[in-house]
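**Q** This is the structure I want to talk about, given as structure tokens.
The values are calculated or read from the model by the stated rules, or taken from the named source; none is laboratory data. The structure presented is a predicted model; accordingly, all values stated were derived computationally and were not measured. With ideal geometry, Cβ positions are generated from the backbone for all residues, glycine too; neighbour counts draw on all protein chains shown.
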Amino acid sequence: MPNMKTEGYLKNKEGKTWYEIYGGNKTKPPLLVVHGGPGFPHDYLQPLAKLADERQIIFYDQLGCGKSDRLPNNDHWTLEFFVEELDSLIKHLSLDKFHLLGHSWGAMLATEYCLEKKIKPLSLILASPLISTPLWISEMKRLINKLSPSTRKIILDNDKNNIDSSKYESATDEFYNRHFFRGKKEPQAIVRARAKHGEGVYLTMWGDEEFRPTGNLKSTDLTSRLSELNIPVLLTGGRFDEATPESLQTLAALIKNSQIKVFEKSAHFPHLEEKDDYLQTLRKFLKP
């Protein structure tokens, strides 16, 4: 029953967290998908629902974005808060055997969950992962240094508040066109997510600029604890990804049971840019 779809809400004292389950096959452990952002809802990851012909695929929108409640107080938005939300959802759905996938910031959230909570997934997929903000920023600077000299100067020597906005936007577009999504036109999955993003979550946790984080994740670094992961881990990313192949190698070297898959034509969204190959990679990893 791959086309079967159900949705519901996890109710807690802070608000309601929306979730959706694709597929009716319960003979294999489900895959729980954690979106990125912070505050960029699940829509852009929906192509993973194609895997529902083998197992249930579970999406949810973190509080503050998408179909989940928006909260008036931005003080809620911390890594710890979202770990507790994820833990509550897993308990609400009575998941004991499941796989976990986190994309971008969602990879940090999924990793922290695995390190801190008792109910462990059978495996972990770190998709284009943000695990260490210092490592992420270091790699972004390396990518920026490969841009044209004029673009590089605008991004490195200025922030968006002290330069003509059109010049800064043009410079950042050059970066995004190389390292965010490489297609000529963003797919509707990204457009839908962007329309429902949680600006307050992003501003609180990352800041108002991609290249200079000022939010509460600006110093977060989980690399010192990656050796504690005792489950199979798959790291995926695009050849041109912000989460660079070099950063995947750095992370994988710290994880006992890990493997890497780099998608040669992709940036930050291999599941959209090389969808068939990406889905086949996940099927192979999740097969046991």
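**Q** Within the range 5-27, how many residues turn out to be part of a strand (DSSP E or B) and either crowded, with 24+ Cβ neighbours inside 10 Å or in contact with a helix residue (DSSP H, G or I) (Cβ under 7 Å, 6 or more places away or on another chain) (or both)?
**A** Residues flagged as part of a strand (DSSP E or B) and either crowded, with 24+ Cβ neighbours inside 10 Å or in contact with a helix residue (DSSP H, G or I) (Cβ under 7 Å, 6 or more places away or on another chain) (or both) within the range 5-27 amount to 4.
**Q** Okay, moving on. Filter the range 180-208 down to the residues that are among the acidic types (Asp, Glu) and surrounded by 15 or more Cβ atoms within 10 Å (Cβ to Cβ) and list them by number.
**A** Listed by number, the list holds a single entry, GLU186.
**Q** Quick one: count up the residues across the range 209-253 that are among the hydrophobic types (A, V, I, L, M, F, W, C) and loosely packed, with under 14 Cβ neighbours inside 10 Å.
**A** So the answer is 1.
**Q** Considering each of SER123, SER104, SER128, SER138 in turn, give the residue that is out of contact with any Lys or Arg (no Cβ under 7 Å at 6 or more places or on another chain), surrounded by fewer than 19 Cβ atoms within 10 Å (Cβ to Cβ) and either among the polar types (S, T, N, Q) or within 14 Å of PHE175 (Cβ to Cβ) (or both).
**A** SER138 is the lone residue from the list that is out of contact with any Lys or Arg (no Cβ under 7 Å at 6 or more places or on another chain), surrounded by fewer than 19 Cβ atoms within 10 Å (Cβ to Cβ) and either among the polar types (S, T, N, Q) or within 14 Å of PHE175 (Cβ to Cβ) (or both).
**Q** Another question, then. Regarding the range 268-281, can at least one residue be identified that is assigned to a loop (DSSP other than H, G, I, E, B), under 20 Å from PHE211 (Cβ atoms) and not acidic (Asp, Glu)?
**A** Within the range 268-281 (the criterion being assigned to a loop (DSSP other than H, G, I, E, B), under 20 Å from PHE211 (Cβ atoms) and not acidic (Asp, Glu)), the answer is yes, since at least one residue qualifies.
**Q** I'd like the residue in the range 158-178 that is over 29 Å from HIS76 (Cβ atoms) and part of a loop (DSSP other than H, G, I, E, B) and, out of all such residues, is modelled with the highest pLDDT.
**A** Filtering the range 158-178 for residues that are over 29 Å from HIS76 (Cβ atoms) and part of a loop (DSSP other than H, G, I, E, B), the one modelled with the highest pLDDT comes out as ASN158.
**Q** To continue, here is another question. For ASP69, are the conditions met, namely being modelled with pLDDT of 95 or more, of a type outside the set (Lys, Arg), touching a Ser or Thr at 6+ places or on another chain (Cβ under 8 Å) and more than 29 Å from GLU274 (Cα to Cα)?
**A** For ASP69, the condition - modelled with pLDDT of 95 or more, of a type outside the set (Lys, Arg), touching a Ser or Thr at 6+ places or on another chain (Cβ under 8 Å) and more than 29 Å from GLU274 (Cα to Cα) - is met.
**Q** Could you grab me the full set of residues in the range 137-157 that are in contact (Cβ under 8 Å) with a residue 12 or more places away in the chain and either among the acidic types (Asp, Glu) or in a loop (DSSP other than H, G, I, E, B) (or both)?
**A** GLU139, LEU147, SER148
**Q** Test PHE181 against the criterion of being hydrophobic (A, V, I, L, M, F, W, C), modelled with pLDDT of 95 or more and either over 27 Å from GLN62 (Cα atoms) or in a loop (DSSP other than H, G, I, E, B) (or both), and give yes or no.
**A** no
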